[in-house]
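Some notes on the structure that comes next.
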Amino acid sequence: MDWSATDIVIIAALSLVGGTLGGLLGLGGSVFIIPALTLSFGSNQHLYQAAALIANFFVAVAATLRHRGRGTIRGEITPALATAAGAAAVVGVLVSNMIPARPLMALFGVFLCISSSAEIIGLLLKKSGNEDPEAVRCGKPLATAVGTAGGLASGLLGIGGGLIIVPLLRRLGKVPMRQAAATSAVAIIAACAVGAVAKNLSIPSLTDGHGNPLTIKASLTLALLITPTATLGGVLGATLVYRVPIRALRAIFAILLAFAGARMVLSGMGAS
């Protein structure tokens, strides 16, 4: 797939926004980047996922480095969380490879709509997140279960997995928002490192939404276009997480997810 100069500028801008949101909310970035690419350039879900997993790795590394000096990474659960996420990501990739591009895009859209609804409900029901570090009750078994869920989503949909990990850590483990985002970033490194390798190795056996074969070269080229500004955004987002009101950003993000999700479901089902 050839990209024009205008396309490259658009991809860079979308990646900057996605990386910033990913670093800010502990999500990885591609939960915004993939639907944005789809709405801008059309259906090519397997290619977008393969490239986004690579970019997510670097976004998560950048975010983790920013979080590390803040003392917000929960070191007692991180190994179990990251190990489970990495192993489950492989399973997610294998499942995604069995789904054609357009139905996979529709599935991604459904996931976004559900995530948006859950986020909006959470904002309406709670005045604020639990920010009491002493209330944390997330042990290794729960961390393993949460990491598995996040890793499966990462491999299946090409996302970082933070959209699963962060809310589960907060609601089940009572981990404060900033700690959940920081700890999630470490798990995303593991999930995306493993998932990116598995997905890109399988790319030659996959096709785009029109049945055209994909190549590793195309995936790596797109990853190269996404990664620099997405990583810059990841650093910016991980810095802003300590300075901006989280509730307002969550509300805006939920609205964006709902819009993108609905469009992807309609496109994946063949609607115009």
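With n ≥ 4 as the cut-off for DSSP H runs, can you work out [θ] at 222 nm for the chain, using -39500 (n - 2.57) per run divided by the number of residues, rounded to the nearest 500?
Working: 10 runs with 203 residues, N = 272.
Mean residue ellipticity, 222 nm, calculated: -25500 deg cm²/dmol.
Run the numbers for M269 and I252: contour at 0.36 nm per residue of separation, minus the present Cα-Cα distance, in nm.
On the way: separation 17, 0.36 × 17 = 6.12 nm, distance 2.62 nm.
Net length gain for the segment: 3.5 nm.
Across the stretch 5-268, how many lysine pairs, 8 or more positions apart or on different chains, have C-alpha atoms separated by under 29 Å? Please give the number.
7
Could you give the dipole magnitude of the chain about its Cα centre, charging the beta-carbon of Lys and Arg +1 and that of Asp and Glu -1, in debye to the nearest 20?
720
On alpha-carbon atoms, Rg over Rh for the chain using Kirkwood Rh?
Result: Rg/Rh = 0.95.
What are the principal axis extents of the Cα atoms in the stretch 17-176, in Å, biggest first?
46, 34, 26
Using only the Cα atoms of the stretch 1-102, construct the convex hull and provide its projected area averaged over every direction, in square nanometres to one decimal.
So the Cα hull casts an average projection of 7.4 nm².
From the phi angles alone, apply the Karplus equation (6.51, -1.76, 1.60; θ = phi - 60°) to the stretch 201-206 and give each ³J(HN,Hα) in whole Hz, x where the residue is Gly or Pro.
Taking θ as phi minus 60°, the curve returns 5, 8, 4, x, 8, 10 Hz for the stretch 201-206.
Evaluate the distance, in nm, between pseudo-label points positioned 7 Å from the Cα of L123 and of L220 along their respective Cα→Cβ axes.
Simple spin-label model gives 4.1 nm for this pair.
About the Cα centre of the stretch 1-112, how large is the charge dipole given +1 on each Lys and Arg Cβ and -1 on each Asp and Glu Cβ? Please answer in debye to the nearest 20.
Around 340 debye, computed over the stretch 1-112.
When only C-alpha pairs under 8 Å and at least 6 residues apart count, what is the relative contact order of the chain, in percent? If you can, show how the numbers build up before the last one.
Numbers: 559 pairs, mean separation 105.9, N = 272.
Relative CO of the chain lands at 39 percent.
Say we join alpha carbon atoms closer than 10 Å with springs in a Gaussian network model of the chain; which of L107, L21, L124 then has the biggest fluctuation?
Between L107, L21, L124, it is L124 that shows the largest mean-square fluctuation.
Take L172 and A13, extend 7 Å from each Cα along the Cα→Cβ direction, and tell me the distance between the two endpoints in nm.
4.0
Since every read-out is calculated from the coordinates, none of them should be taken as a lab result. Given the structure is predicted, the values throughout are model-derived calculations rather than measurements. Heads up, the Cβs are rebuilt from the backbone with ideal geometry, glycines too, and the neighbour counts pull from every protein chain shown.
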